[in-house]
Amino acid sequence: MTRKKPRERGRSPPRDVSKSESRADSQNRAGDGQGSAAAGPSKLTPGLYIVATPIGNAADITLRALDVLARADVVACEDTRRTAKLFAIHGIRAPTTAYHDHNAGRAGRALLRRLEAGAAVALVSDAGTPLISDPGYRLVAAAVDAGIPVIPVPGPSAVTAALSVAGLPTDRFFFAGFLPPRQAARRRALRALAEIDATLVILETGRRLPAALADMAAVLGPRPAAVARELTKLHETVRRDDLAALARHWADAAGPPGELVIVTGPPTPREATFDDDAVDAMLRDALATMKATDAAAAVAAETGLARRALYGRAVALKSK
Ligand code: SAM
């Protein structure tokens, strides 16, 4: 069997990058262009620049990002046509090349060769911060391994934008990316997330929002939450309520919700009480792959409920 290549956006084992710390003088390299604007664009210090771009409002781009993009030898884009629109708005004429999930291997190697030859390469995604549920991880990892400076040019991200307006605790948060699209896997993922003592930030598509919220309400219990939609765009809205009420709202809502982030408050002591439907759902999921005794034990470990009572319930569910 051939080994599967790591997906560009996927999770990967932690890497030891301690031996490859960037030198402090790489931190502000892009800033040096600001003072020299009158003399025309000068060459950027070589390295890989990870540049955040707007998530909706084209004005949400930093002066430094504009400077780096204008002076890069090449800008690697998730979608060159999309970046061309941003460039047109801001009068940027830098050369672009495609770098996305489907060509990351070949395009990544070509970019690495350019970086090794001393180029300044900027990486952008369609919107927000590259690598945050977006392409770039493998390129950054390869650059780090090759000893090439990797320089952040921070700016917008839907993750921090949603978190900043949700009205939920921000002292600790967990970014979970996208939930699995299928219900059984999604509920399994949510049960693992339920253990985390932090606000949860989840990306979701408009089409799957009602089903995702219903599962979140069933598995996570009555937590406060917010659905932040179309941030920085014309129809920006943030709806705040508990998960069950949000699920009801979106089950009935007309029209596509657009781009959105779900932010959910951390577990509260109230969640120690699981409602019967939630327990049944957990048991059904467990019964799909386990016998009744094991399913009862697994749900008991997850909820703290009595194993004997859960076993009785599991047997009843099985015989239905
Ligand atoms: N790297 C991006 C970032 O930092 O914002 C996230 C990329 S991810 C592929 C795209 C997801 O981000 C969308 O499906 C949606 O969940 C969220 N998103 C992007 N733009 C948004 C916006 N303007 N308002 C709300 N959510 C948004």
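The values are calculated or read from the model by the stated rules, or taken from the named source; none is laboratory data. Please read all numbers here as calculations on a predicted model, not as lab measurements. With ideal geometry, Cβ positions are generated from the backbone for all residues, glycine too; neighbour counts draw on all protein chains shown.
Any idea how many residues of the stretch 136-185 are of a type in the set (Lys, Arg) and either crowded, with 19+ Cβ neighbours inside 10 Å or closer than 25 Å to residue 105 by Cα (or both)?
First, the residues of the stretch 136-185 that are of a type in the set (Lys, Arg): 138, 172, 182.
Retained after the next criterion (residues that are either crowded, with 19+ Cβ neighbours inside 10 Å or closer than 25 Å to residue 105 by Cα (or both)): 138.
Total meeting the criteria: 1.
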- Query: Which condition breaks for residue 300 when tested against (1) outside any strand (DSSP E or B); (2) more than 16 Å from the ligand (Cβ to nearest atom); (3) at pLDDT 85 or above?
  - Reply: (3)
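So that you can scan it fast, the table gives a plain yes or no per residue for (1) of a type outside the set (S, T, N, Q); (2) closer than 20 Å to residue 256 by Cβ:
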| position | (1), (2) |
| --- | --- |
| 154 | yes, no |
| 163 | yes, no |
| 177 | yes, no |
| 183 | no, no |
| 202 | yes, yes |
| 208 | yes, yes |
| 217 | yes, no |
| 226 | yes, yes |
| 231 | yes, yes |
- Hey, among the residues in the stretch 156-205 that are free of Cβ contacts under 8 Å to residues at least 40 places away in the same chain, over 27 Å from residue 282 (Cα atoms) and within 15 Å of the ligand (Cβ to nearest atom), which one's nearest to the chain's Cα centre (by Cα)? 160
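What is the residue count in the stretch 230-252 for residues that are without any contact (Cβ under 8 Å) to a residue 40 or more places away in the chain and surrounded by fewer than 21 Cβ atoms within 10 Å (Cβ to Cβ)? Give the derivation first.
Of all residues in the stretch 230-252, those without any contact (Cβ under 8 Å) to a residue 40 or more places away in the chain come to 234-235, 237, 239, 241-249, 252.
This time we only want the ones that are surrounded by fewer than 21 Cβ atoms within 10 Å (Cβ to Cβ), so: 234-235, 237, 239, 241-242, 244-245, 248-249, 252.
Residues that pass the stated criteria total 11.
Please tell me if residue 212 is outside the structural domain of residue 134 (by TED's automatic domain parsing), within 13 Å of the ligand (Cβ to nearest atom) and buried (at least 17 other Cβ atoms within 10 Å of the Cβ).
Here the answer is yes, as residue 212 does meet what is asked.
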